[in-house]
Amino acid sequence: METHTQKFKIRLGLFIAGGLAFFIIAIFLIGKQKNLFNPVFELTTTFFNVSGLQVGNNVRLTGINVGTVDNIIIINDSTVKVDMLIKKEVRQFIKSDCIVAIGSEGLIGDRILIITRGTTDAAIVTEGQHLASAEPVETDAIMASLQVTAGNAEIISFQLAEIMFKVNNGNGTLGRLIQDSTIAENLSETMYNLKTSSKGLDENMEAAKHNFLLKGYFKDKEKAAAKLKEEEQKAADQEKKADEKKARKDERNSDEPEKEDEKKIEDEQK
């Protein structure tokens, strides 16, 4: 005698099928993460501080996930050994002089290992080879540096505020210049006097040129300037003539071999 209805059997079958599907998907995801379905090889490196790196974190080469962190072991108080499982298909791109560094996925993401590119002349890595590492920059150190920078910025901002307060209240040379209209008027008057004095000096120089006592001096200056200009013009003309003469000479030298060849051809024809 059946004690279960058809509806119950259908629900039981669906539950079992869903459980099997979930189990298969979990196995697939875990196997993919651990590279159970891909041929892999092992590499090792050491750090002084892994900075939160965990087993299962990704290993990247040129920004591409090529493996995972397989094991993290503390060797001593200053050395932490990290084992990596890397896909064999990318082995040809990893050189023995590559360096392993610790990075992160984004600003606050999980820690990852980053394998930098090596030189083209270096040999390809072998199974279980140890790679050199670069120690990560700790977040605490970055925050401490930012705190120092923020403190300095605060001090500078406070000092700038004090300076602007003094300027606005007319303290100091710049403050008096901005706030005191008398100083501004004095400066304007001084500039006007300088301009007037300069104009007067030009007039005095022009009058001195027409003075019979200084007239000869200014004439000598003009003659010397004209003579210098004439000498410069003569030198330029001589240089131009020399260049033209050299060009004609080169042209004659280039024509002589052609004339000799023509003469030889005429002699041979005769």
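Taken together, the values in this text are just the output of simple stated rules run on the coordinates, not laboratory data. Computed from a predicted model, the values in this text were never measured in an experiment. Virtual Cβ from ideal backbone geometry, glycine too; neighbours counted across all protein chains shown.
Dipole orientation for the range 36-101: of the candidates 61, 100, 46, 61 has the Cα lying most toward the positive pole (charges on Cβ; Lys, Arg +1; Asp, Glu -1). Backbone phi angles across the range 7-17, fed through the Karplus curve with coefficients 6.51, -1.76 and 1.60 (θ = phi - 60°), yield HN-Hα couplings of 5, 5, 5, 5, 5, 5, x, 5, 5, 5, 5 Hz in residue order; Gly and Pro are listed as x.
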